[in-house]
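Chemist: Please see the structure below; I have some questions.
Quick note: the coordinates plus some simple rules give every number you see, no bench work behind them. Worth saying up front: this structure is predicted, and the values here are computed from it rather than measured. Neighbour counts run over all protein chains shown; Cβ positions are idealised from the backbone, glycine included.
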Amino acid sequence: MAEAEEDCHSDTVRAGDVDENERPAETDLQAQLQGFRAQWMFELAPGVGSSHLETGPCRAARGSLLKAAADTKGKQELAKEKARELFLKAVEERNGALYEAIKFYRRAMQLVPDIEFRITYTRPPDGDGAGKSYIEDNDDDSKMADLLSYFRQQLTFQDSVLKLCQPGLESSQTHISVLPMEVLMYIFRWVVSSDLDLRSLEQLSLVCRGFYICARDPEIWRLACLKVWGRSCVKLVPYSSWRHMFLERPRVRFDGVYISKTTYIRQGEQSLDGFYRAWHQVEYYRYIRFFPDGHVMMLTTPEEPQSIVPRLRTRNTRTDAILLGHYRLSQDTDNQTKVFAVITKKKEEKPLDYKYRYFCRVPVQEADHSFHVGLQLCSSGHQRFNKLVWIHHSCHITYKSTGETAVSAFEIDKMYTPLFFARVRSYTAFSERPL
């Protein structure tokens, strides 16, 4: 009994000690909770930022994170800008460098996979003065409507002489503005030349106001129209000016060549074993060159334009297969302009040919071969008068001894492909005669 009482007493003492030890810990927990609540309420109070409560280690960690985020953002912006440059460089590739463009696309996609959807395509600002007031726009439009009259009003007189232009910089050499008006107009006629290079005249008009006025001289454009259409353009109606007639009225072009390409499949000879027969792809070109004086050249050959076009600059070519002749323009009641030409092969002096008949030498009957060609002048795309469609082709054989003429007309089928115009800069590189 005594031992049991002692054990109970010892347990009671231990429980008391444990309660005494737990009370300080509970007091500390309550104090921490009260402090946390007070700090929380202080942070929620208006005007108090969290930055004042951050400790030194927190500020350092926060600064390092912000710096890393800024570096990452900067790298992303640089990569996006580089990808944009590569993508636009690939888009603007127009010289036929396909593989280089693909390489630029690939590099751009590697930097930014969706660069195609992020990029913004911008257009160059218009020259109409976008963003100006409505009154200023109307004023500019009225000036552009009659630019020739506006430029004439801007001209000045010096010593009772009209000055077309003024030197922009002082020079000891004689300026072109010193030349009289007649001399300038004669120079402009040399620019147009007998080849009717009106394109160079338009480029010359961009130099200054005075050159613009000279390039719009009605006499130059009237002479050009007379050289193209002859007596059929005596009346200016329904066109407003000679320049308007030259630009709008259907005509053939002289600063290049009309070219067509024909391709077909031809069956070849059978092999020796009889089990194989070759097929050949045949390609040939037709070239037609018109001249302002009414002459025309036509050539059919398998040679490509790179080797043929330089030979067609003048009529004095050494190509044997070329056909020379004359052409004329005809406009029917249906407002369709047609080109009719008669061409023959270049005549060469050859010794008289003979054939033997009954052991007697008999001269071969001479004959003249000529080809009659009919083409319809059309426009395609953004270019004007750049297409010729076949409507007629025949061969006329005239025997000199009897005067009879045999005509063989060819069927216009798919082998007669349209001819399209190609401008050749070397044809108007220099002038031989003035307009």
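Chemist: I need the calculated FRET efficiency for the pair residue 79 and residue 103, taking r as the beta carbon distance and R₀ as 22 Å, to the nearest 0.05.
Modeler: 0.80
Chemist: Counting only other residues whose beta carbon sits under 11 Å from that of residue 339, what net charge do I get with K and R as +1, D and E as -1?
Modeler: +3
Chemist: If you rank 395, 165 by fewest surrounding Cβ atoms within 10 Å, what's the result?
Modeler: 395, 165
Chemist: Same structure again: Quick one: which residues, 5+ away or cross-chain, put their amide H under 5 Å from the amide H of residue 303? H built at 1.01 Å from N.
Modeler: Correct list: 285.
Chemist: Please state, rounded to one decimal and in Å, the Kirkwood hydrodynamic radius that segment 213-313 gives when every pair of distinct Cα atoms enters the mean of 1/r.
Modeler: About 17.5 Å for segment 213-313.
Chemist: Which whole-Hz couplings ³J(HN,Hα) result when phi for each residue of segment 263-268 is put into the Karplus expression 6.51 cos²θ - 1.76 cosθ + 1.60, θ = phi - 60°, listed in order with x for Gly and Pro?
Modeler: 10, 8, 9, 10, 7, x
Chemist: Please compute the alpha carbon radius of gyration of segment 261-345, then divide it by the globular-protein estimate 2.2 N^0.38 Å. Two decimals is fine.
Modeler: Taking N as the residue count of segment 261-345, the ratio is 1.56.
Chemist: With a point put 7 Å past each Cα toward its Cβ, work out how far residue 433 is from residue 114 in nm, to one decimal.
Modeler: Each label point lies 7 Å from its Cα, and together they span 7.0 nm.
Chemist: Greater than 26 Å separation of Cα atoms is the criterion. Which listed pairs, 261/400; 235/338; 346/414; 89/261; 235/346, meet it?
Modeler: 261/400; 346/414; 89/261; 235/346
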